[in-house]
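Colleague: Have a look at the structure that comes next, please.
The values are calculated or read from the model by the stated rules, or taken from the named source; none is laboratory data. Every value quoted in this text rests on a predicted model; they were computed, and no experiment measured them. Ideal geometry is used to build each Cβ from the backbone, glycine not excepted, and the neighbour counts take in all protein chains shown.
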Amino acid sequence: MADSSHRILSEGGERCHGPPTRAARPPRAEPVTDERSLTRREALRTPAFWLLLAAFSLVGLGITGFQSNWHPFLIETGFGPAEASFGIAIYGLVSGLVRPGWGLLGERYPARYLLGGVSVATAVLIMVFLNVRGMAALIPVMFMAGFIMGGYLILRALLTANYFGRAHLGAVNSLFRPIVMGTGAAGPILFGALYDLQGGYTLAFLTAALAWGASGVIVLLAKPPRAR
């Protein structure tokens with residue numbers, strides 16, 4: 001009797017069957033984030049949106065106009081078709097390999113400064129590219145082009161998410177994409193016209209360098225939207 005009464009709790013009526021066991025661990029809660037996501041309308045009201053739109057649009061112009069003319073420029077400079085293609089292949093390979101690394105850097109350091117630095121560095125690289133002569137110069141220049149320019153798209157996506165949040169990221173990107181794609185489509189046409197005007201690629205590529213450099217400065221000026 002004493003034994004049984006010892007097993008019955010005085011309040012609550014729960015029975016104890018043997019020694020107490022560890023309570024089951026509660027399921028882990030989802031990580032809580034204080035990230036604030038802006039709607040499309042809210043993003044339009046921020047200076048950062050318009051600055052980034054200008055910066056991204058300039059690069060859209062500079063990247064397609066520049067890259068689409070690599071091969072003919074190299075041929076005109078004196079490289080053979082296979083040599084020019086090999087140099088461009090180096091760019092493509094390095095650009096793909098370095099992107100995970102740029103993503104990690106973007107998580108560790110402010111994407112704004114990284115993206116601005118990449119854009120300004122690309123402007124300098126374009127001016128170096130104009131003076132490439134011989135494979136001994138082409139290979140390291142295209143390697144550096146892949147390394148630097150390979151980070152652009154990764155950092156641009158990361159910066160957009162950091163500035164405007166992820167809940168409405170698709171809606172915010174839908175405001176950027178038509179304009180950026182429009183300038184990207186105009187790039188080869190503009191650069192072709194500049195080539196015809198000058199009879200060479202110097203003016204066209206300097207325009208690309210100016211677009212990249214201006215984009216980098218604008219990105220650095222685009223401070224994160226203030227929480228309201």
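Colleague: Can you find even one residue in the stretch 90-110 that is modelled with pLDDT of 95 or more and under 22 Å from D196 (Cα atoms)?
Modeller: Among the residues of the stretch 90-110, not one is modelled with pLDDT of 95 or more and under 22 Å from D196 (Cα atoms), which makes the answer no.
Colleague: Also, quick follow-up: Out of A193, A157, A145, which single residue is farther than 21 Å from R99 by Cα and of a type in the set (G, A, S)?
Modeller: Details: A157 fails: farther than 21 Å from R99 by Cα; A145 fails: farther than 21 Å from R99 by Cα.
Being farther than 21 Å from R99 by Cα and of a type in the set (G, A, S) holds for just one of A193, A157, A145, which is A193.
Colleague: Among the residues of the stretch 63-76, write down those that are more than 24 Å from the chain's Cα centre (by Cα) and buried (at least 16 other Cβ atoms within 10 Å of the Cβ). Let's see the steps before the verdict.
Modeller: Quick first cut of the stretch 63-76, residues more than 24 Å from the chain's Cα centre (by Cα) only: 71-76.
F73, L74 - these are the residues of the stretch 63-76 that are more than 24 Å from the chain's Cα centre (by Cα) and buried (at least 16 other Cβ atoms within 10 Å of the Cβ).
Colleague: Next question. If only one of M127, M144, M181 is closer than 20 Å to G65 by Cα, modelled with pLDDT under 95 and of a type in the set (A, V, I, L, M), which one is it?
Modeller: Numbers: M127 fails: modelled with pLDDT under 95; M144 fails: modelled with pLDDT under 95.
Matching residue, one of M127, M144, M181: M181.
Okay, residues lined up against (1) loosely packed, with under 14 Cβ neighbours inside 10 Å; (2) out of contact with any Asp or Glu (no Cβ under 9 Å at 6 or more places or on another chain); (3) under 24 Å from L155 (Cβ atoms); (4) in contact (Cβ under 8 Å) with a residue 40 or more places away in the chain:
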| residue | (1), (2), (3), (4) |
| --- | --- |
| L61 | no, yes, yes, yes |
| P100 | yes, yes, yes, no |
| Y109 | yes, yes, yes, no |
| L115 | no, yes, yes, yes |
| L138 | no, no, no, yes |
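Colleague: When you go through S119, S174 one by one, which is the residue that is hydroxyl-bearing (S, T, Y), within 23 Å of T46 (Cα to Cα), assigned to a helix (DSSP H, G or I) and under 15 Å from the mean Cα position of the chain (by Cα)? Explain how you work it out, then say what you get.
Modeller: Values: S174 fails: under 15 Å from the mean Cα position of the chain (by Cα).
Just one listed residue meets the conditions, S119.
Colleague: Let me ask something additional. Could you go through the stretch 62-71 and let me know if any residue there is part of a loop (DSSP other than H, G, I, E, B) and either out of contact with any Lys or Arg (no Cβ under 8 Å at 6 or more places or on another chain) or at pLDDT 90 or above (or both).
Modeller: To start, the set of residues in the stretch 62-71 that are part of a loop (DSSP other than H, G, I, E, B) comprises 68-69.
Applying the additional criterion that residues be either out of contact with any Lys or Arg (no Cβ under 8 Å at 6 or more places or on another chain) or at pLDDT 90 or above (or both) yields 68-69.
Looking for residues that are part of a loop (DSSP other than H, G, I, E, B) and either out of contact with any Lys or Arg (no Cβ under 8 Å at 6 or more places or on another chain) or at pLDDT 90 or above (or both), one finds at least one in the stretch 62-71, hence yes.
Colleague: Here are the criteria: (1) under 15 Å from the mean Cα position of the chain (by Cα); (2) loosely packed, with under 13 Cβ neighbours inside 10 Å. Tell me which single one G199 does not satisfy.
Modeller: Condition not satisfied by G199: (1).
Colleague: Are any of the residues in the stretch 133-141 modelled with pLDDT of 95 or more and farther than 24 Å from H71 by Cβ?
Modeller: Checked the stretch 133-141: no residue is modelled with pLDDT of 95 or more and farther than 24 Å from H71 by Cβ.
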